[in-house]
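The structure appears right after this line, and notes come after that.
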Amino acid sequence: MRPRPGGFFTPANPSVTPQLGGVPGFRDLLPLEAEILREAQESLLAEMRRWGYRHVITPLVENMDVLDVGLGLEQRRRLFKFSDARGDVVALVGERTVPVARLVAGKLRSAALPLRLCYSGPVLSTDEGRFQQRRETYQVGAELIGASGPVADAEVIALAARCMEATGIRRYQIDVGHAEFFHGIMDAVKLPDGVKAAVRAALVARDFVALESLLEGTPLKSAEHELLLRFPALRGGPEILEAAGGLVRNRRSEAALTELAHVRELLVAHGIGDVVVLDLGAIRDFDYYTGVIFEGYGPDFGRPIAQGGRYDALLARFGRPAPATGFMIQLDLVSEMLTRAPRPPALPRIDAALAWSDPGLNTALRLGSTLRLFGMRAVVDTQPRSPAEAKAWWRAIGAANLVHCRSDATVSWTSEGQRSRSLPPEQVAGRLAGGVT
Amino acid sequence: MQEEKVSIAVPTGALLTGALGVLAKSGLARLTADELGRQLLIDRAGVRVILVRPSDVPAYVDHGAADLGIVGKDILWETPGSHYELVDLRFGGCRLVLAVPDASSLNGPDTWPPMIRVATKYPRTATAWFDAHGQAVEVVRLHGSVELAPQVGLVDGIVDLTATGRTLKENRLRITAVLGSSTARLIANQASLKTRSAAVQSVVSKLRGASGGG
């Protein structure tokens with residue numbers, strides 16, 4: 001609503017005006033935003049296809065039975081749930097790895113492993129996202145199912161890195177960690193189960209003040225105490241693995257370090273060694289991830305835009321035990337980052353505005369078809385216009401060329417910054433398509 | 001945002017003096033409340049200090065508009081987010097309490113009515129606390145002068161922050177339960193810790209040292 005001359009703003013009366021802003025937490029994407037999002041999505045899926053990942057589309061709605069198998073309590077709580085006509089409780093998906101796992105254990109159960117699958121689509125959450133207030137977001141992801149070991153881990157991490165590049169993000173960083181490193185430390189420390197649970201909870205909440213006061217109350221030896229407090233800061237290049245090796249004395253953590261060293265070498269061979277940071281303090285969902293985990297960060301952006309890792313336990317819960325690893329990229333964060341770039345993408349221009357006055361409509365329609373065949377963007381006007389009106393319309397839609405069709409024989413062609421010329425329509429089409437002005 | 005400069009959000013209000021004290025003691029920036037109050041954003045060698053409302057600190061940090069933030073634990077209870085809580089800065093000590101009028105018959109949980117009405121600036125924390133005690137509660141969210149609400153019969157009691165207990169006493173209220181103890185905390189943006197760890201960690205350890213924290 002436009003402010004009145006007096007400067008007052010009169011809010012619409014909600015009892016008589018529909019809510020034009022839409023449902024809170026759900027966004028409209030305007031042409032430029034939609035274009036950036038779609039381009040980013042296509043680049044991501046194209047990169048995934050280059051690595052042999054097949055695109056699958058799973059529904060927006062899943063049975064709660066299925067989601068219960070794969071999701072933790074917190075995630076389930078945030079789902080939009082309802083019952084369908086048959087009384088089944090169903091939900092709008094909050095992530096898309098579990099639906100892909102259902103597919104692999106179900107309709108694709110006879111497909112040979114390993115399977116490389118990718119997906120793209122919206123995910124929904126009832127959580128109003130604290131400050132972001134977004135309840136519908138878009139994710140593009142890839143899953144490599146049926147392959148274990150560092151070669152598969154490295155493939156998925158390298159794919160994530162190349163995907164970030166494919167969208168046009170120039171500077172980025174991939175943090176690689178290992179869930180088993182932390183599990184090993186927790187196994188080795190002698191603490192009552194209740195305290196261990198509280199330590200995990202403090203770490204998941206990223207509350208190091210709580211962690212510290214928890215540990216102060218325990219009879220832990222100082223080395224273990226120190227390790228639990230300091231391991232979240234263990235990050236850096238390959239030298240960090242050696243430093244960490246000197247701190248841990250348990251087989252699980254040591255095996256994790258060996259595996260990480262191998263994955264790092266493979267990532268160097270993949271050509272992305274310089275964007276990889278080893279992060280032994282990576283704290284993620286401990287119940288879900290079973291091995292190498294990673295996060296992708298863009299420049300000056302407060303949150304990770306890509307997240308993934310190994311989840312070897314999930315497929316077994318659907319009755320088809322198989323190791324698996326994968327990741328997803330937050331498509332809306334990618335497009336937000338591209339929008340904020342020094343030179344943000346612009347909406348592609350319309351190449352030709354085709355105006356007409358009687359009897360030139362048929363010529364305008366034919367010329368439009370021809371130009372589109374050559375891949376150009378052409379808009380035919382919906383009403384006849386005089387030459388002066390046509391120019392105003394041309395400026396309003398911001399097209400590069402105006403072609404005013406007044407008869408079959410010749411049309412008037414104006415290119416930006418040039419004088420109008422009268423030419424036969426075929427010649428105008430030829431010159432426009434050939435890039436001649 | 002600059003590559004090297006580490007930005008720190010500090011809160012207006014009760015914690016400001018303590019926050020500026022820690023910044024000065026750490027050698028990061030010597031600022032007076034007056035100049036920061038006038039400029040809101042001040043650049044010094046290596047750091048940028050920004051002044052925001054206490055309840056906005058988590059928003060600035062979670063969105064990455066500030067790398068670090070100094071904020072009371074009471075605010076963090078109320079607005080959990082994706083930040084890391086790194087250091088207990090050990091100033092600004094206070095308690096979040098349930099207080100009722102002196103004349104009220106309410107005391108421990110066994111004296112609570114089937115449905116208790118409380119006024120508070122901390123609806124989330126209050127609701128969670130009563131839930132944990134299995135108590136039905138109606139929370140009235142107020143933005144200021146919470147102490148007034150029970151005196152005019154709006155609610156049975158209030159859940160509010162108190163340092164010395166003086167304001168409560170002046171309003172003829174007494175404490176019947178403590179929900180938690182709060183001090184100032186140093187919080188960090190998750191991505192800042194990962195992508196600019198050296199610069200951010202160096203500021204964190206200076207602040208940790210200045211607070212006398214471990």
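The values are calculated or read from the model by the stated rules, or taken from the named source; none is laboratory data. Just so you know, these numbers come straight off a predicted model, no measurement behind them. Cβ sites come from the backbone with ideal geometry, for glycine too, and all protein chains shown count toward neighbours.
Computed quantities for the displayed model
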{"quantity": "Lone unmet requirement of (1) away from chain A (no Cβ under 14 Å); (2) outside any loop (DSSP other than H, G, I, E, B); (3) closer than 26 Å to A:Asp300 by Cα; (4) aliphatic (A, V, I, L, M) for B:Val22", "calculated": "(3)"}
{"quantity": "Among residues of the stretch B:204-214, those that are touching a residue at least 12 places away in the same chain (Cβ under 8 Å), within 11 Å of chain A (Cβ to nearest Cβ) and not in a helix (DSSP H, G or I), counted", "calculated": "1"}
{"quantity": "Every residue from the stretch A:169-203 that is within 14 Å of chain B (Cβ to nearest Cβ), surrounded by 15 or more Cβ atoms within 10 Å (Cβ to Cβ) and charged (D, E, K, R)", "calculated": "A:Asp175"}
{"quantity": "Which numbered condition A:Arg249 misses (of (1) away from chain B (no Cβ under 14 Å); (2) within 20 Å of A:Gly291 (Cα to Cα); (3) assigned to a helix (DSSP H, G or I))", "calculated": "(3)"}
{"quantity": "Any hit, the stretch A:115-133, residues being farther than 30 Å from A:Lys81 by Cβ, more than 14 Å from every other protein chain (Cβ to nearest Cβ) and touching a residue at least 40 places away in the same chain (Cβ under 8 Å)", "calculated": "yes"}
{"quantity": "Set B:Ser181, B:Ser197, B:Ser192, B:Ser145: member being small (Gly, Ala, Ser), surrounded by fewer than 20 Cβ atoms within 10 Å (Cβ to Cβ), over 19 Å from B:Cys94 (Cβ atoms) and out of contact with any Leu (no Cβ under 7 Å at 6 or more places or on another chain)", "calculated": "B:Ser197"}
{"quantity": "Residue ID - nearest to the other protein chains (Cβ to nearest Cβ), chosen from residues in the stretch B:186-203 that are farther than 19 Å from A:Asp274 by Cβ and polar (S, T, N, Q)", "calculated": "B:Asn189"}
{"quantity": "Residues (assigned to a loop (DSSP other than H, G, I, E, B) and either among the small types (Gly, Ala, Ser) or farther than 30 Å from A:Gly302 by Cα (or both)) located in the stretch A:334-369", "calculated": "A:Ala341, A:Ala346, A:Arg349, A:Ile350, A:Asp351, A:Ser357, A:Asp358, A:Pro359, A:Gly360"}
{"quantity": "Among the residues listed as A:Val123, A:Val100, the single one being in a helix (DSSP H, G or I) and either in the same structural domain as A:Arg317 (by TED's automatic domain parsing) or touching a Pro at 6+ places or on another chain (Cβ under 7 Å) (or both)", "calculated": "A:Val100"}
{"quantity": "Number of the condition not met by A:Phe181 [criteria: (1) closer than 24 Å to A:Ala313 by Cα; (2) in the same structural domain as A:Leu45 (by TED's automatic domain parsing); (3) of a type outside the set (A, V, I, L, M)]", "calculated": "(2)"}
{"quantity": "Enumeration of residues in the stretch A:204-246 that are of a type in the set (D, E, K, R) and more than 11 Å from every other protein chain (Cβ to nearest Cβ)", "calculated": "A:Lys221, A:Glu224, A:Arg230, A:Glu239, A:Glu242"}
{"quantity": "Residue in the stretch B:144-152 that is touching a strand residue (DSSP E or B) at 6+ places or on another chain (Cβ under 8 Å) and of a type in the set (Ser, Thr, Tyr) present", "calculated": "no"}
{"quantity": "Boolean, A:Gly296 is under 23 Å from A:Leu45 (Cβ atoms), in contact (Cβ under 8 Å) with a residue 40 or more places away in the chain, part of a strand (DSSP E or B) and within 12 Å of chain B (Cβ to nearest Cβ)", "calculated": "yes"}
{"quantity": "Those residues of the stretch A:206-222 which are closer than 14 Å to A:Met186 by Cα and basic (Lys, Arg), in sequence order", "calculated": "A:Lys221"}
{"quantity": "Single match in A:Ala378, A:Ala346, A:Ala409 (criterion: over 30 Å from A:Gln307 (Cα atoms) and at pLDDT below 95)", "calculated": "A:Ala409"}
{"quantity": "Scope the stretch A:269-287; condition away from every other protein chain (no Cβ under 12 Å) and either touching a Gly at 6+ places or on another chain (Cβ under 9 Å) or over 15 Å from A:Arg206 (Cα atoms) (or both); matching residues", "calculated": "A:Ala269, A:His270, A:Gly271, A:Ile272, A:Gly273, A:Asp274, A:Val276, A:Leu280, A:Asp285, A:Asp287"}
{"quantity": "Qualifying residue in the stretch B:30-50 (condition: under 30 Å from A:Ala282 (Cα atoms), in a helix (DSSP H, G or I) and within 14 Å of chain A (Cβ to nearest Cβ))", "calculated": "no"}
